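**Q** If you scroll down you'll find the structure; I have some questions about it.
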Amino acid sequence: MSKVIVVTGVTQGLGRTMAAGFIEAGHTVAGCGRSQSRIDELSQQYGDAHLFTAVDITNQSAVQTWSENVLDQLGTPDLLINNAALINENAPLWEVPVEEFDTVIDVNIKGTANTIRNFLPAMIERESGVVVNFSSGWGRSTSAEVATYCATKWAIEGLTMALAQELPRGMAAIPLNPGIINTEMLQSCFGSQAQHYPTAQEWAEISVPFLLGLSAKHNGQQLSVPL
């Protein structure tokens, strides 16, 4: 059965490869990202059957408008994936600039909450659907010089576990560690060592069927993509 899948951060990295994988598998994707030019590329590539929109997920009113358009044009999501995230440049916590700290917090935590706030009521009304909030290995452990990012991903773990307790039967909220993947984000932390990890495309070949297999029975489980 074809699903409606909402993905944030769809213009690059994991988001873009997930969107391609879901579409190839016959599902309908509504994706958002900050880059209008990349959104235009996706819209041209995949056509009107899917909906790609430039959205700043830290802006509640923008997310509300986006969600209303998605619900009106495509219907209620079966799968909501909060993938969009930023990481701070490697630095001790006290050296991370205030503006950079605030931006990472706003995108990774507030952006996720905005998306949930605007899409989840329709899913609850239908009493079905899965919310997957991307966490990280750094949402369950820590490393030096990424304290800001760690703080957001530990927050995502707690937010999602609490949300799982609030949902009606038949639904699920899952904090997901996607694993270590060679993306621009990893390269910013690991440098040349990032090349030793799977590419986003290699990751998507495993993660897309894994994500499509999630259901209510996984509610509240702290899962990891089985790389």
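**Q** Per the Cauchy relation, a quarter of the hull surface: what is the mean projected area of the convex hull of the alpha carbons in the chain, in nm²?
**A** That works out to 11.7 nm².
**Q** Over the chain, with a Gaussian network built from C-alpha contacts below 10 Å, which listed residue (VAL107, VAL146, VAL132) shows the highest mean-square fluctuation?
**A** VAL146
**Q** Taking square-rooted eigenvalues a ≥ b ≥ c of the alpha carbon gyration tensor, is region 76-160 rounded, prolate or oblate, where a/c under 1.5 means rounded and, failing that, a/b exceeding b/c means prolate?
**A** Prolate shape, in that a/c is at least 1.5 and a/b is the bigger ratio.
**Q** Okay, moving on. For region 67-108, what D do you get in µm² per second when you plug the Kirkwood radius from alpha-carbon pairs into Stokes-Einstein at 25 °C and 0.890 mPa s?
**A** Translational D for this selection: 190 µm²/s.
**Q** Measuring from the lowest to the highest alpha carbon on each principal axis, how far does region 1-117 reach, largest first, in angstroms?
**A** The Cα atoms of region 1-117 stretch 49, 25, 25 Å along the principal axes, largest first.
**Q** For the chain, report the accessible area per residue in Å² (1.4 Å probe, heavy atoms, rounded to an integer).
**A** The answer is 47 Å² per residue.
**Q** Return the carbon/sulfur percentage of the accessible area of the chain, one whole number, probe 1.4 Å, all protein chains in place.
**A** 50
**Q** To one decimal place, what orientation-averaged projected area in nm² is obtained for the convex hull of the Cα set of region 104-151?
**A** The orientation-averaged projected area of the Cα hull of region 104-151 comes to 3.7 nm².
**Q** Between region 107-162 and region 1-75, what's the alpha-carbon centroid distance in Å?
**A** 18
The values are calculated or read from the model by the stated rules, or taken from the named source; none is laboratory data. Just so you know, these numbers come straight off a predicted model, no measurement behind them. Ligands, DNA and RNA are excluded from the accessible area calculation, which covers all protein heavy atoms including side chains. Shrake-Rupley method; radii C 1.70, N 1.55, O 1.52, S 1.80 Å.
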